[in-house]
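A short write-up of the structure that comes next.
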Amino acid sequence: MNKRNIGITILMMTMAFGTGAEILSLNGNWRIQSSVKAGQDAATIASPGLDVGNWYPANVPTTVLAALVADGVYPDPYYGLNLKSIPGYQEGRWLRMPDDSPFRPHWWYRTEFDVPEAEASRHYTLHFDGINYQANVWLNGTQIAGQDAVKGMFRRFEFNVDGVIKRGGVNCLAVEIIPPGLLPDQQYRTKQVQATTGWDDHNPQPPDLNMGIWEDVYLTVSGPARIKHPYVDTDLDVPALDRARLSVSAQVVNTCGAPVSATIRGAIESRTFSRTIRLEKEETADVLFSPVEFQELVVENPRVWWPNPLGPQEMYQLTLTLEVDGQISDETAVSFGIREATTYIDEEGWRGYMINGRRVLIRGGAWMTCDMLLRFDNRRYEALVRYAKEANLNMLRSEGFSIRETDEFYTMCDRYGVMVTQQLFGRSIPDEQLAVDCVRDTILRIRNHPSLVHFLGHDETFPTRNLDEAYRGIIDRYTPGRTYQPHSGAFDIEDRFQTGGTRTGTRELWTYAGPEHYYRGKEDGAWGFAQSGGIGGVIAPYESVNRMIPADQQWPLWTEALSFHTVIQSGEYFDAAVTAMEKRYGKPGGIQEFCRIGQVMNYESARGMYEAYARNKYSAKGITTWKYDAAWPAVMTWQYVDWYLIPSGAYYGAKKACEELHVQYSYDDDSVCVVNSLYKDFRGLKVTARVLNLDMTVKLEREAVVDVITDGKTEAFTIAWPEGLSKTHFVYLELRDDSGRMVTDNLYWLSTVPETPSKLSHGEHERFSMSRDSWADMTGLRKLPRVALETKASSSTKDGERVIDVALRNPSKALAFAIRLSVHKGPGGEEAAPCYWDENLVSMLPGTERTVKAVLNESELGGSAPIVRLEGWNVPVQELDAG
């Protein structure tokens, strides 16, 4: 049940299928204060009636810093250099809390709440779903848990509070938070030493190290026994998909002081099953319903969950009801999907993925915690996962330095058909038992989600032997259908046999890789499986840059503010990408041109990367590129969708490459291929290629009719380059079905000057670099004539969403290049996001027309009329009223 975003002090929720289970949310009406200023002993703080006039108001979940920012104590830390002004801030990567930080002392969280009258037979359990890092928990002046027991960011805690709760009266809950980072003052040669979140080099550390109550707090009320950890394991017959065997399990806990006889009843749609068990005083028993014993759990012709776009995302619901003495004692419900997801190691030592008995090419990204201050909401989760779905990205790798993701994240991945690989930790931590406890609880929490398909141990390192054995044992016991590998990926591909069949990136791939890079060869090209790698620095659209950087800090590269909003190594880390931009496209004259060129450069690189993996399947198994999203506003970092939920050029290049049925050009051998990502055949497809000079004269035209099999690829022909090409020229591809209907098109900008890598030079992977003996020359694009497009916008509403159609026509004899469209909140208003375009950064040949579509939630317009803004490389700005 989603308890997030409940803005009242107490909410009693009775499940729709009975009166036995109650959840009292305690998320609202908190106050926080530093222990230095609280001025009272713990028992007094935890008793009703305390004067908290000098405490700060807060609603949990919230970290200390997030609450103080919301209260106006500190300025928006995401704007300009504001974060640096907050006490306790440090440059770079750090693990130890500074001695003079206001976040080093303990902080108190305190709330008062009413509890309704209840019978003595009702039992109360207090739940904390996430505390960072340790805590002493007090209720009504009594300590119910100490910091040795409440420790670790990735654990849930629960306490029976029957003897302390005041039924029919005012209660006071107080939590003394002990922050992470209270470590000896020494140099740490690791990125992680505690079971807490970390940010590696992605963005700055928040000064409070995310201390606080970062997940829900609530009471559950039950009878003499209650249910924990419900789970449905599915065994699907593949490839027939005509039968599934379900195994249902749960724990039943005796919450009273005497033995009880309890009947647990299960229902999955019309299928019901039950059994009776006896529980001794305070006993916890495991209950299993197997398909061998209960034929109701054998499902014929089940509805199967598929990743997008391979099929529907079918879900079922399990309801468990617990009865004692004929009365409902507890009940719960969980959603699950029936599917078979496995991985395998091929003869070359690479890991591949299977879904429902079929191979699947992984094209996805590394998922980063989506807000640095841990301010999560369903809007942000839904937007980011839906963007992945809209682009046909089928996997997100939840990164090991981040949080162990919330159920909201996994629920969105279930809904939109995006598979997840979950990394367990970033590094081995000294408190290995704590690490094991965190991993066990994480797996118990997320294992019902069909989107979860694979586990990684640690990031770029091996777990200790003890941790590795523990991880394997936990997975084998609690979710045996999932696979595991200990290490995220080898730097040297020869080591893939030890790390688990995948590779990671290199310095080059984290700074700049051009569109042809992944065609070059096997060392770090489109071969095998890459957990990391990518195209390097991705530049945000200017709309986003203008929101985060003051005008006087926006140029030149790298002002302090511009550099700060990159990675912790500073903006110079991406010098290779800036050099590539200047060499290939020409030097930008300001921040807006820098961003505009950046969208085009990132588009061609991301498209080339994903297309190379598609052409090479299944020698290439896939990539989860570094990375997909960002935790705070960044001018240039690894982000396909930025913190403002605005997609970059890299996103739209990926979206183009990952079309279900796609036509593409290969940079290494000049072939033109049709790639089919669906599990069905296509016949009679017509492929047309035109080679055009900068002035749009056609230098070559070829066509072919091809078939492409299920999940296959077919080469249509190879382009033989004609004489007389302009230095910058184009290849335009069209794909039509057997009725002549346009399926898709694709435009490449190329150069007669070859892009020739210099000899590789590398030592350790951090120093890996690549230079060029020559660069592809795209500067001809600067000479494209200005084009005035004929445009029209209209919109309609359906189910709370605004659907906007933009008709475009190019009446000129020139190419209209890289047209970016956006929806704004009224004339001159802020860009509305999230906004889902069916395509963007579109280019139009002379005399052509097309209609592009955007969909966004009506609420994102803030009551304003939608204004469509379009601007291209050589297309002047237009604003269209779409109301």
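The values are calculated or read from the model by the stated rules, or taken from the named source; none is laboratory data. Given the structure is predicted, the values throughout are model-derived calculations rather than measurements. As a convention, Cβ positions derive from the backbone with ideal geometry for all residues, glycine included, and neighbour counts pool all protein chains shown.
Looking only at residues in region 135-144 that are surrounded by fewer than 23 Cβ atoms within 10 Å (Cβ to Cβ) and touching a strand residue (DSSP E or B) at 6+ places or on another chain (Cβ under 7 Å), which one is nearest to ARG226 (Cα to Cα)?
Start the filter on region 135-144 by keeping residues that are surrounded by fewer than 23 Cβ atoms within 10 Å (Cβ to Cβ), which leaves 136, 140-144.
The next check asks that each one be touching a strand residue (DSSP E or B) at 6+ places or on another chain (Cβ under 7 Å); those that pass are 136, 140, 143-144.
Numbers: ASN136: 25, ASN140: 24, GLN143: 24, ILE144: 20 Å.
Residue satisfying both the conditions and the ranking: ILE144.
Among ASP162, ASP185, ASP129, which is out of contact with any Leu (no Cβ under 6 Å at 6 or more places or on another chain) and over 30 Å from PHE401 (Cα atoms)? Quick ask: steps written out before the conclusion?
Details: ASP185 fails: over 30 Å from PHE401 (Cα atoms); ASP129 fails: over 30 Å from PHE401 (Cα atoms).
Just one listed residue meets the conditions, ASP162.
Check region 763-776 and report whether any residue there is in a loop (DSSP other than H, G, I, E, B), among the acidic types (Asp, Glu) and either modelled with pLDDT of 95 or more or in the same structural domain as THR848 (by TED's automatic domain parsing) (or both). Lay out the reasoning, then the answer.
First, pick out the residues of region 763-776 that are in a loop (DSSP other than H, G, I, E, B): 763-764, 768, 770-771, 775-776.
After this cut, where a residue has to be among the acidic types (Asp, Glu) as well, the list is 764.
Next cut, either modelled with pLDDT of 95 or more or in the same structural domain as THR848 (by TED's automatic domain parsing) (or both) only: none.
No, because not a single residue in region 763-776 is in a loop (DSSP other than H, G, I, E, B), among the acidic types (Asp, Glu) and either modelled with pLDDT of 95 or more or in the same structural domain as THR848 (by TED's automatic domain parsing) (or both).
Please name all residue pairs, on different chains or six or more residues apart, with Cβ atoms under 7 Å, provided the first residue is in region 679-692 and is more than 18 Å from ARG736 (Cβ to Cβ) and the second residue is part of a strand (DSSP E or B) and of a type in the set (Val, Ile, Thr).
Every condition considered, the pairs that remain are VAL691/VAL731; LEU692/VAL698.
Taking region 534-561, which residues are of a type in the set (Gly, Ala, Ser) and either more than 27 Å from ILE591 (Cα to Cα) or surrounded by fewer than 24 Cβ atoms within 10 Å (Cβ to Cβ) (or both)? Spell out the reasoning first.
If we filter region 534-561 for residues that are of a type in the set (Gly, Ala, Ser), which is where we start, we get 534, 536-537, 540, 544, 551, 561.
Across region 534-561, the qualifying residues are ALA551, ALA561.
Kindly establish whether LEU815 is surrounded by 22 or more Cβ atoms within 10 Å (Cβ to Cβ) and more than 30 Å from MET548 (Cα to Cα).
Values: surrounded by 22 or more Cβ atoms within 10 Å (Cβ to Cβ): yes; more than 30 Å from MET548 (Cα to Cα): yes.
Considered against the rule, which asks whether it is surrounded by 22 or more Cβ atoms within 10 Å (Cβ to Cβ) and more than 30 Å from MET548 (Cα to Cα), LEU815 comes out as yes.
Tell me which residues, restricted to region 425-483, are closer than 18 Å to PHE401 by Cα, among the basic types (Lys, Arg) and in contact with a helix residue (DSSP H, G or I) (Cβ under 7 Å, 6 or more places away or on another chain).
ARG440
Is there a residue being buried (at least 24 other Cβ atoms within 10 Å of the Cβ) and either within 27 Å of PRO206 (Cα to Cα) or β-branched (Val, Ile, Thr) (or both) anywhere in region 570-582?
Within region 570-582, one or more residues are buried (at least 24 other Cβ atoms within 10 Å of the Cβ) and either within 27 Å of PRO206 (Cα to Cα) or β-branched (Val, Ile, Thr) (or both).
Listed here are the residues, each with its yes/no results for (1) out of contact with any Cys (no Cβ under 8 Å at 6 or more places or on another chain); (2) surrounded by 15 or more Cβ atoms within 10 Å (Cβ to Cβ); (3) assigned by TED's automatic domain parsing to the domain that holds GLY198.
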residue: LEU83; (1), (2), (3): yes, yes, yes
residue: GLY92; (1), (2), (3): yes, no, yes
residue: ARG96; (1), (2), (3): yes, yes, yes
residue: SER101; (1), (2), (3): yes, yes, yes
residue: ARG104; (1), (2), (3): yes, yes, yes
residue: GLU112; (1), (2), (3): no, yes, yes
residue: ASP129; (1), (2), (3): yes, yes, yes
residue: ASN132; (1), (2), (3): yes, yes, yes
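Every residue in region 150-162 that is under 31 Å from the mean Cα position of the chain (by Cα) and surrounded by fewer than 20 Cβ atoms within 10 Å (Cβ to Cβ), please.
Residues of region 150-162 that are under 31 Å from the mean Cα position of the chain (by Cα), as a first pass: 150-158.
Within region 150-162, ARG156, PHE157, GLU158 meet the criteria.
Would region 178-196 turn up any residue that is modelled with pLDDT of 95 or more, assigned to a strand (DSSP E or B) and not basic (Lys, Arg)?
Yes - at least one qualifying residue is present in region 178-196.
Restricting attention to region 182-238, and to residues there that are over 24 Å from the mean Cα position of the chain (by Cα) and among the basic types (Lys, Arg), which single residue is surrounded by the most Cβ atoms within 10 Å (Cβ to Cβ)?
Filtering region 182-238 for residues that are over 24 Å from the mean Cα position of the chain (by Cα) and among the basic types (Lys, Arg), the one surrounded by the most Cβ atoms within 10 Å (Cβ to Cβ) comes out as ARG226.
Looking at SER544, SER532, can you tell me which residue is at pLDDT below 95 and not basic (Lys, Arg)? Explain how you work it out, then say what you get.
Working: SER544 fails: at pLDDT below 95.
None of the other options fit; the residue is SER532.
Name the single residue, out of those in region 858-875 being farther than 17 Å from GLU543 by Cβ and not acidic (Asp, Glu), that is surrounded by the most Cβ atoms within 10 Å (Cβ to Cβ). Talk me through it step by step, then tell me what you get.
Initial filter on region 858-875 (farther than 17 Å from GLU543 by Cβ): 858-859, 863, 865, 874.
Checking which are not acidic (Asp, Glu) leaves us with 859, 863, 865, 874.
Values: SER859: 12, GLY863: 8, ALA865: 14, ASN874: 18.
It comes out as ASN874.
For region 234-327, which fully contained strands (runs of 3 or more DSSP E) count at least 3 residues that are of a type outside the set (Lys, Arg) and touching a Pro at 6+ places or on another chain (Cβ under 8 Å)? Lay out the reasoning, then the answer.
Values: elements: 243-254, 260-268, 271-279, 284-289, 298-300, 316-324.
The strands (runs of 3 or more DSSP E) meeting that bar are 243-254, 316-324.
What about PRO179, is it of a type outside the set (Val, Ile, Thr), in contact (Cβ under 8 Å) with a residue 40 or more places away in the chain, crowded, with 19+ Cβ neighbours inside 10 Å and closer than 25 Å to SER570 by Cβ?
On the way: of a type outside the set (Val, Ile, Thr): yes; in contact (Cβ under 8 Å) with a residue 40 or more places away in the chain: yes; crowded, with 19+ Cβ neighbours inside 10 Å: yes; closer than 25 Å to SER570 by Cβ: no.
No.
Does SER270 meet the test of being more than 33 Å from the chain's Cα centre (by Cα), in contact (Cβ under 8 Å) with a residue 12 or more places away in the chain and exposed (fewer than 14 other Cβ atoms within 10 Å of the Cβ)?
Criteria not met by SER270.
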